[in-house]
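Trainee: Sharing a structure with you now.
The values are calculated or read from the model by the stated rules, or taken from the named source; none is laboratory data. Every value quoted in this text rests on a predicted model; they were computed, and no experiment measured them. We place every Cβ from the backbone using ideal geometry, glycine too, and count neighbours over all the protein chains shown.
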Amino acid sequence: MRISYAGVPLLPRRARRGGGGPEDPADRLYVFDVPTGTERLVADPATLLADPGDLPPEEAALRERLRLSAAGIGSYALDQAATMAAFTLAGRLFRADLVTGAVAEVPTAGPVIDPRPDPTGTRIGYVTGGALRVTEPDALIAGEEGITWGLAEFIAAEEFDRYRGYWWAPDGRSLLAARVDESRVPRWTLHDPADPASEPRKIAYPYAGAANAEVTLHLLDLDGGWVDVHWDRETYPYLVAVSWSELGGPLITVLRRLQQHGLVLAIDPRTGETQVHAELADPRWVEPVPGTPAYLPDGRVLVGGELAHDGYDARCLFADGSLLTPPSLYVHRVCARLRDGNLLVEASDGEPSEQQLYRVATHAGAPVVDARRITSGAGIHVGAGGGDTIVVGAMSLEHAGATWTVYRAGEKVGEVANLAATPPYAPRPALERVTDRRLPTGVLYPRQHVAGRKLPVLVDVYGGPGRQEVLAARSKWVLRQWWADAGFAVVVVDNRGTPGVSPSFEKVIHRRVADVVLGDQVDALHALAEKHPDLDLSRVAMRGWSFGGWLSALGVLRRPDVYHVAVAGAPVSDWALYDTAYTERYLGLPADGPDAYAHHSLIELAQEPPVRPSDARPILLIHGLVDDNVVAAHTLRLSAALLAAGRPHAMIPLTGATHMAAGGLSERLLRLELDFIRRALGS
C-alpha cells in the first residue's frame with residue numbers, strides 16, 4: 001500500500017471481487033481515489049496475460065526475499081504525483097495510467113525486474129540481465145559482464161531489508177545505482193534431485209566468515225555522465241539504507257562487518273564525496289530504524305538510535321542529535337513524512353503485544369518532545385501517509401483481518417474494502433507477561449475445553465531476532481486455534497532477543513543466543529504452567545520454522561526433560577553454513593569464536609549419544625530442497641548426525657520448494673506434523 005506525497009491515490013494489491021474470491025492466488029492492482037472515496041480496479045493479470053508463464057530467476061529471488069508467495073502483481077512503483085504505476089508480469093513491463101485507467105505493455109530489452117518510474121513519470125528504470133536501463137527511449141545506463149547493476153545483493157535484501165539497488169534523483173535526470181561484484185563470493189549448487197534432468201543452479205552464497213559481495217555506489221546521468229561515490233568501504237562494507245528526496249541529496253547508512261559501528265553519510269551528487277552526519281555505535285550491534293535516514297524540511301537529518309543512559313533503555317528518533325520521540329516509546333518504523341513536516345511513526349509504549357501510530361513533530365527548537373498518539377484500542381496499527389492523507393491499518397483480537405481507514409486532513413474519507421475470507425472462529429488467547437524478565441506470552445485453549453482437563457502442550461515458536469509472535473492481532477492466532485482444537489494447549493513465548501520491549505531485552509543474546517533463548521522458553525513454560533494448571537508438562541511438543549526450527553530441535557536435544565518431540569522446519573543446523581551478516585551479528589566471526597559456533601550447532605549436539613534411552617526424543621525434519629536461504633544441507637547433515645547417534649527422527653524433503661512452504665503444501669504439511677506429534681506424545 002502506497003500513497004503519493006500529494007495524497008491523491010492509494011494502491012493496495014489484493015484479490016478481486018467475484019472471480020476467484022478471497023482464495024484467488026493472484027494479486028491485482030486497485031486505486032482508491034481519496035477525493036471521492038471510491039476505488040476501482042486498475043490492472044488484472046488475467047486480462048493482461050493469457051499465459052503468465054514462469055518468473056525470471058531474478059524476480060523469483062526477489063519475491064523470495066520479500067516472502068511473496070501470491071501470483072500476479074507482486075509489487076509496483078509510483079511516480080511522485082502517483083499518476084502512473086509500473087509493474088511486471090512474468091518479466092514483462094507494464095505502465096498504468098492511474099488517471100485514465102489505461103494499462104499498456106512497454107517494450108524492453110529483456111525480462112524485467114524492479115521497474116521504477118522517475119519522479120516526473122517520464123521514464124521507467126528497470127534491470128534486465130544484470131544491466132540497468134531506462135525506457136522511452138530504451139537505453140542502457142550501466143552494464144558489465146559478470147557484474148550486477150541496480151539490484152540489491154542477497155545480504156542487503158535478506159538481512160537488512162534493502163530490496164532495491166537504484167534510486168532516481170528528484171528531478172528524474174539521474175540515478176544513484178549500486179554496482180554489485182560477486183566474483184569473490186563462494187558458489188554453492190542448488191539442485192532438486194526429484195528432477196534429475198534439470199540443470200543445477202549456481203548461487204553466490206556468503207556464508208559466515210566468507211567473502212561478501214563488493215558493493216559500490218555511482219551517480220549516473222541519462223547522458224552518460226558518471227560520478228563515483230566515495231566512502232571507506234574497507235571499514236564500512238555494508239550498505240544498509242539509502243534515501244533521496246526533494247529535501248536534499250542522497251543519504252546512506254553504512255556498517256562495519258560486525259555491525260557494531262556505522263555512519264550516516266550525505267552524498268554530494270556533483271562530486272560523489274560524502275560527509276558524516278551521524279555515527280552509530282553499540283558494543284553488541286547497531287540496529288537501524290526502518291524509514292531512516294531522511295532529511296527533514298528544516299535541513300536536519302533524521303536518524304534512528306538508542307537512548308541508553310540515565311536509566312533509559314529506549315529505541316528513539318533523533319534529528320541532528322536532538323531527541324524527537326519520548327524514551328517511553330519503542331520506535332518500530334517511520335512510515336511517512338506528512339505535508340506539515342511531521343512524521344507518521346509506528347511505536348509501542350510499554351506493551352509489546354500492541355503497536356500504535358504517532359504523529360511526531362519535527363520543528364527545530366521545540367521545548368519538549370511532541371509525539372501524539374493518533375490510534376486507539378488494543379491491537380496492531382500500521383500506517384502509510386502522503387501530503388495530508390493518512391491510511392491506518394488496524395488488526396485486533398476483536399475482529400478478523402485488517403481494517404484500512406483513509407483520513408484526509410484529520411477527517412475520515414472511507415475504508416478500503418477487505419476481500420479476505422473470514423475465519424470460522426475467533427481465537428481468544430490469554431496474553432500475559434511472566435518471570436522476572438516479563439517475557440511476553442500467549443496461551444490458547446481448544447474452543448470446547450473443559451477446565452480441569454489436562455492438555456498436552458504445543459509450543460509454537462519462532463524466538464529469533466526481528467520478529468514478534470505474541471501480538472494482539474487475531475490473524476496471528478487463527479492457525480494456532482486449529483492446533484488447539486486438535487487437542488493442545490498452545491503456548492507462544494517471545495523470549496529475549498525478540499524486538500518490541502527494549503534494546504537491552506533485544507540484545508542480551510549477543511554471543512550467547514542459545515543459552516538465553518532456550519532458557520527463556522523453558523522458564524516461561526514453567527511459569528505458565530503455574531498459572532494454567534491444565535497444561536500437562538509431561539507431554540510437550542515444540543514446532544517452528546527457520547530460526548524456530550533450529551530452536552525446536554535445540555529444545556529436544558538440549559532439554560529432553562522439558563520437550564518430548566519437535567518439528568523442525570528449515571532449521572539452521574550449523575551456523576557456519578548460514579550467511580555472513582545475520583550470523584556474525586550475533587555470534588561474531590567463526591575464526592574469532594569457534595567454540596561459540598560449536599555451542600550453537602545442532603549437529604554437534606546430535607552427535608552426542610543420549611544419556612538415557614528416554615532422552616532420545618523424536619524430531620520431524622522438513623526442508624525445501626531448493627531453499628537458497630537456509631540450504632537443504634543443514635537438514636541433510638543433521639539427519640546424518642542423528643542417524644549416526646541412533647536418535648529417532650523422520651524427514652520430509654520438499655521437492656521444488658524454497659524457504660517458504662506456501663499454499664496447499666502448507667496445509668498438507670500441517671496434517672503430517674499433527675500425526676507425528678500425536679504419535680510421539682501418545683495422544
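Trainee: Suppose the filter is touching a Cys at 6+ places or on another chain (Cβ under 6 Å), buried (at least 16 other Cβ atoms within 10 Å of the Cβ), hydrophobic (A, V, I, L, M, F, W, C) and free of Cβ contacts under 8 Å to residues at least 24 places away in the same chain; does L344 pass it?
Mentor: Considered against the rule, which asks whether it is touching a Cys at 6+ places or on another chain (Cβ under 6 Å), buried (at least 16 other Cβ atoms within 10 Å of the Cβ), hydrophobic (A, V, I, L, M, F, W, C) and free of Cβ contacts under 8 Å to residues at least 24 places away in the same chain, L344 comes out as no.
Trainee: Next up: So if I check each of D534, D595, which one is over 24 Å from D675 (Cα atoms) and not assigned by TED's automatic domain parsing to the domain that holds D195?
Mentor: Values: D534 fails: over 24 Å from D675 (Cα atoms).
Unique residue meeting the criteria: D595.
Trainee: Please specify each residue of region 165-193 satisfying the condition of being among the aliphatic types (A, V, I, L, M) and in contact with a Pro (Cβ under 8 Å, 6 or more places away or on another chain).
Mentor: Hits for region 165-193 are A169, L176, V185, L190.
Trainee: Residues of region 367-388 being in contact (Cβ under 8 Å) with a residue 12 or more places away in the chain, among the aliphatic types (A, V, I, L, M) and assigned to a loop (DSSP other than H, G, I, E, B), which ones?
Mentor: V369, I374, A378
Trainee: Let me ask something else. What pairs can you find where one residue is in region 644-660 and outside the structural domain of P560 (by TED's automatic domain parsing), the other is surrounded by 20 or more Cβ atoms within 10 Å (Cβ to Cβ) and in a loop (DSSP other than H, G, I, E, B), and their Cβ atoms are less than 9 Å apart, with a gap of 6+ or different chains?
Mentor: none
Trainee: Return the only residue of A194, A210 being under 27 Å from the mean Cα position of the chain (by Cα) and either surrounded by fewer than 20 Cβ atoms within 10 Å (Cβ to Cβ) or small (G, A, S) (or both).
Mentor: So the residue among A194, A210 that is under 27 Å from the mean Cα position of the chain (by Cα) and either surrounded by fewer than 20 Cβ atoms within 10 Å (Cβ to Cβ) or small (G, A, S) (or both) is A210.
Trainee: Do you know which residues across region 592-620 are over 29 Å from the mean Cα position of the chain (by Cα) and among the small types (G, A, S)?
Mentor: Of everything in region 592-620, those that are over 29 Å from the mean Cα position of the chain (by Cα) and among the small types (G, A, S) turn out to be A606, S614, A616.
Trainee: If you check G377, G321, which single one turns out to be more than 24 Å from A241 (Cβ to Cβ), at pLDDT below 95, outside the structural domain of L471 (by TED's automatic domain parsing) and of a type outside the set (V, I, T)?
Mentor: Result: G377 is the single residue among G377, G321 that is more than 24 Å from A241 (Cβ to Cβ), at pLDDT below 95, outside the structural domain of L471 (by TED's automatic domain parsing) and of a type outside the set (V, I, T).
Trainee: To continue, here is another question. So in region 63-88, with the set limited to residues that are over 21 Å from P107 (Cα atoms) and modelled with pLDDT of 70 or more, which one is surrounded by the most Cβ atoms within 10 Å (Cβ to Cβ)? Give the steps one after another, and end with the answer.
Mentor: Within region 63-88, the first condition is being over 21 Å from P107 (Cα atoms), and the residues that meet it are 63-71, 80-82.
Subsequent filtering for residues that are modelled with pLDDT of 70 or more retains 80-82.
Numbers: Q80: 20, A81: 16, A82: 24.
Per the criteria, the residue is A82.
Trainee: Of everything in region 260-280 that's surrounded by 16 or more Cβ atoms within 10 Å (Cβ to Cβ) and over 25 Å from the mean Cα position of the chain (by Cα), which residue is nearest to P170 (Cα to Cα)?
Mentor: Restricting to residues being surrounded by 16 or more Cβ atoms within 10 Å (Cβ to Cβ) and over 25 Å from the mean Cα position of the chain (by Cα), the top hit is P269.
Trainee: Given (1) within 25 Å of the chain's Cα centre (by Cα); (2) surrounded by 15 or more Cβ atoms within 10 Å (Cβ to Cβ); (3) in a loop (DSSP other than H, G, I, E, B), where does A421 come up short, assuming only one miss?
Mentor: Answer for A421: the failing condition is (2).
Trainee: With the condition kept exactly as written, say whether any residue in region 492-499 is in a loop (DSSP other than H, G, I, E, B), in contact (Cβ under 8 Å) with a residue 60 or more places away in the chain and crowded, with 20+ Cβ neighbours inside 10 Å.
Mentor: Among the residues of region 492-499, at least one is in a loop (DSSP other than H, G, I, E, B), in contact (Cβ under 8 Å) with a residue 60 or more places away in the chain and crowded, with 20+ Cβ neighbours inside 10 Å, which makes the answer yes.
Trainee: Restricting the search to region 582-606, which residues are buried (at least 16 other Cβ atoms within 10 Å of the Cβ) and not in a helix (DSSP H, G or I)?
Mentor: Matches in region 582-606: G588, L589, P590, H600, S601.
Trainee: Further, regarding this structure: Looking at F488 and the list (1) in contact with an Asp or Glu (Cβ under 8 Å, 6 or more places away or on another chain); (2) buried (at least 24 other Cβ atoms within 10 Å of the Cβ); (3) among the aromatic types (F, W, Y), which single condition is not satisfied?
Mentor: Checking F488 against (1) in contact with an Asp or Glu (Cβ under 8 Å, 6 or more places away or on another chain); (2) buried (at least 24 other Cβ atoms within 10 Å of the Cβ); (3) among the aromatic types (F, W, Y), the one that fails is (1).
Trainee: Please work out if V334 is within 23 Å of L255 (Cβ to Cβ) and not in a loop (DSSP other than H, G, I, E, B). Working first, answer last.
Mentor: Details: within 23 Å of L255 (Cβ to Cβ): yes; not in a loop (DSSP other than H, G, I, E, B): yes.
It is true that V334 is within 23 Å of L255 (Cβ to Cβ) and not in a loop (DSSP other than H, G, I, E, B).
Trainee: Now for a different question. Could you figure out which of (1) assigned to a helix (DSSP H, G or I); (2) buried (at least 23 other Cβ atoms within 10 Å of the Cβ); (3) hydrophobic (A, V, I, L, M, F, W, C) isn't true of W482?
Mentor: Condition (2) is where W482 drops out.
Trainee: Of the residues A576, A606, A566, which is in contact (Cβ under 8 Å) with a residue 12 or more places away in the chain, touching a Gly at 6+ places or on another chain (Cβ under 9 Å) and under 30 Å from R187 (Cα atoms)?
Mentor: A576
Trainee: Check V443, V450 and return the single one that is of a type in the set (A, V, I, L, M) and outside any loop (DSSP other than H, G, I, E, B).
Mentor: V443
Quick grid of which residues meet (1) of a type in the set (A, V, I, L, M, F, W, C); (2) in contact with a Leu (Cβ under 7 Å, 6 or more places away or on another chain):
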site: A576; (1), (2): yes, no
site: D579; (1), (2): no, no
site: T583; (1), (2): no, no
site: Y597; (1), (2): no, yes
site: V611; (1), (2): yes, no
site: P618; (1), (2): no, no
site: N629; (1), (2): no, no
site: A641; (1), (2): yes, no
site: T658; (1), (2): no, no
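Trainee: Let me ask you something else. Report the residue count in region 590-642 for those that are touching a Lys or Arg at 6+ places or on another chain (Cβ under 8 Å) and among the β-branched types (V, I, T).
Mentor: Qualifying residue count, region 590-642: 3.
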